[in-house]
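S.K.: Sharing a structure with you now.
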Amino acid sequence: MSEVDDAMRGFADWFGRRPIGAWSAPGRVNLIGEHTDYNDGFVFPFAIDHRTAVALGDRDDRVIRVASSFAPEPVEIHLDELSPDALDGWSAYPLGVAWALGELGADLEHVRGVDLYIVSTVPIGAGLSSSAAIECSVALALDEHWGLGFDRPTLAKVGQLAENRVVGAPTGIMDQSASLLGEADAGVFLDCRSLDAEVIPLGFAADGLSLVVIDTKVEHAHASGGYAARRASCEAGARALGIDSLRDLHLDDLERAAALLDDETFRRVRHVVTEDQRVLDTVRTLREHGPGAIGPFLDASHVSMRDDFEISVPELDLAVATAQANGAIGARMTGGGFGGSAIALVIDALVPIVTREVLAAFAERGHREPAIFTARPSQGARRDA
Ligand code: ADP
Ligand code: MG
């Protein structure tokens, strides 16, 4: 596999010796369940066939040095100096993971340093979680190399802690769970309250379906502010309704909620409550009728994000509408919103047509050319060499 070969070769070029092993972890697509994770709800992502690989070599001292094909210079730090304040830039992800392993109970006082070289094919900043891919590949590599024996749910928490406390992004546990627990042709159905995870076969390939990703390349200026504002609305809604989190509200509570909340807060709440139900409906329908039957939930999820949660942008709406008009079984924006990618579930034979028509529609409106590719549900983090 090319990321792994490139990481092994890059390691030798940078550090002048051979690595002792290589590990990799995938990015993810969220099939359904958006802005539900921090409301204690349900998500259903899968690991994709774009991966981040890390080659590792041992050292005699207690220095960690990390280099990446994505960054011009290696960064190094003494293990005794690891702390959120001492780390910034891209190296906050891999070195933040080393710090977070210690926070979650690893005895880092008796381990030796390492050299790491990282290569990724996960598009960065496209909503496919290159951040979880780098965190999880490094977490698994250090766990195995240092003999820590952490299980995968704990390694997911390590990645999340690094992202929350060291990078400073208030994200949930979904991305790391998908990257660590994903399996080929399957999705990870995650209850974000109990953290129970179930691997559910998707069966796309067997049923002649492809999952098309349309990266709009739009990075909206509101991304972080909008995310925080939506979180705040959800918390305000839960407080006004006297519940711990929106997970505790159900479809038949919505009428009562409408009477108690202002219109905007109510629509934010309605998105979360209906989205949780759509995740459950998607999983049930997949089991009973197969992937060809889940389209209506994807379509409804998009409408809810566009109209109730108001996190879509014209490019995402255009990608979704064009895919639907050209035979997609279902389509929706995916990720936190205000830009990033849309996904469409498409019969294999229609993939070239959907691709062509989306490109044409973007060109006609004068939008920047999107990147369009298929994502195969793939195996989670693993040792490769
Ligand atoms: P996303 O997770 O949607 O791709 P994020 O902003 O969460 O976007 O994470 C992207 C950041 O993660 C990059 O800006 C960089 O700091 C870091 N990163 C991801 N992949 C790599 C890599 N291969 N090498 C170095 N840094 C990386
Ligand atoms: Mg990310």
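The values are calculated or read from the model by the stated rules, or taken from the named source; none is laboratory data. Just so you know, these numbers come straight off a predicted model, no measurement behind them. All Cβ positions, even for glycine, are placed from backbone atoms using ideal geometry, and neighbour counts span all protein chains on display. Areas reflect the complete protein model, heavy atoms only, side chains present, ligands, DNA and RNA absent. Shrake-Rupley method; radii C 1.70, N 1.55, O 1.52, S 1.80 Å.
S.K.: Among residues belonging to the stretch 164-174 that are open to solvent by less than 40 Å² (accessible area, probe 1.4 Å) and not in a loop (DSSP other than H, G, I, E, B), point out the one that is farthest from ligand 2 (Cβ to nearest atom).
M.R.: Among those residues, the one meeting the criterion is 166.
S.K.: Taking the stated definitions as given, is residue 322 free of Cβ contacts under 8 Å to residues at least 40 places away in the same chain and either in the same structural domain as residue 354 (by TED's automatic domain parsing) or assigned to a helix (DSSP H, G or I) (or both)?
M.R.: Criteria met by residue 322.
S.K.: Can I ask one more? Do you know which of the residues in the stretch 56-92 that are open to solvent by 60 Å² or more (accessible area, probe 1.4 Å) and within 17 Å of residue 164 (Cβ to Cβ) is modelled with the lowest pLDDT?
M.R.: So, considering only residues that are open to solvent by 60 Å² or more (accessible area, probe 1.4 Å) and within 17 Å of residue 164 (Cβ to Cβ), the one modelled with the lowest pLDDT is 88.
S.K.: Starting from the stretch 124-136, take each residue that is closer than 15 Å to residue 338 by Cα and list its partners that are more than 6 Å from ligand 2 (Cβ to nearest atom) and of a type in the set (Phe, Trp, Tyr), counting only C-beta distances under 8 angstrom and pairs at least six apart or across chains.
M.R.: Filtered contacts from the stretch 124-136: no entries.
S.K.: I'd like to verify a number: residues in the stretch 104-137 that are assigned to a helix (DSSP H, G or I), near ligand 1 (Cβ under 7 Å from one of its atoms) and in contact with a strand residue (DSSP E or B) (Cβ under 7 Å, 6 or more places away or on another chain), how many?
M.R.: 4
S.K.: Which is within 20 Å of the chain's Cα centre (by Cα) and open to solvent by 10 Å² or more (accessible area, probe 1.4 Å), of 125, 105, 96?
M.R.: After applying the criteria, what remains is 125.
S.K.: Among the residues of the stretch 175-200, what is the count of those that are open to solvent by 10 Å² or more (accessible area, probe 1.4 Å) and either within 16 Å of ligand 1 (Cβ to nearest atom) or free of Cβ contacts under 8 Å to residues at least 12 places away in the same chain (or both)?
M.R.: Residues in the stretch 175-200 being open to solvent by 10 Å² or more (accessible area, probe 1.4 Å) and either within 16 Å of ligand 1 (Cβ to nearest atom) or free of Cβ contacts under 8 Å to residues at least 12 places away in the same chain (or both): 4 in total.
S.K.: Shifting gears a bit: Under the condition of being small (Gly, Ala, Ser) and not in a strand (DSSP E or B), which residue from the stretch 6-36 is surrounded by the most Cβ atoms within 10 Å (Cβ to Cβ)?
M.R.: For the stretch 6-36, the residue satisfying everything is 7.
S.K.: In the stretch 201-212, how many residues are over 14 Å from residue 329 (Cα atoms) and buried (at least 18 other Cβ atoms within 10 Å of the Cβ)?
M.R.: Residues flagged as over 14 Å from residue 329 (Cα atoms) and buried (at least 18 other Cβ atoms within 10 Å of the Cβ) within the stretch 201-212 amount to 1.
S.K.: Looking only at the stretch 135-163, which residues are open to solvent by 20 Å² or more (accessible area, probe 1.4 Å) and within 12 Å of ligand 2 (Cβ to nearest atom)?
M.R.: The answer is 160, and nothing else.
S.K.: Give the stretch 50-93 a look and list any residue that's under 22 Å from the mean Cα position of the chain (by Cα) and either among the β-branched types (Val, Ile, Thr) or outside the structural domain of residue 169 (by TED's automatic domain parsing) (or both), or say none.
M.R.: 52, 54
S.K.: Filtering the stretch 320-342 down to residues that are among the aliphatic types (A, V, I, L, M) and in contact with a strand residue (DSSP E or B) (Cβ under 7 Å, 6 or more places away or on another chain), which residue is most open to solvent (accessible area, probe 1.4 Å)?
M.R.: It comes out as 329.
S.K.: Please tell me if residue 348 is within 17 Å of residue 295 (Cβ to Cβ) and acidic (Asp, Glu).
M.R.: It is true that residue 348 is within 17 Å of residue 295 (Cβ to Cβ) and acidic (Asp, Glu).
S.K.: Anything in the stretch 47-63 that is touching a Leu at 6+ places or on another chain (Cβ under 6 Å) and not in a loop (DSSP other than H, G, I, E, B)? List them, or say none.
M.R.: Passing the criteria: 54, 56.
S.K.: Something else now. Working only within the stretch 90-103, note down all residues that are over 17 Å from residue 171 (Cβ atoms) and of a type in the set (A, V, I, L, M).
M.R.: 95, 98, 101
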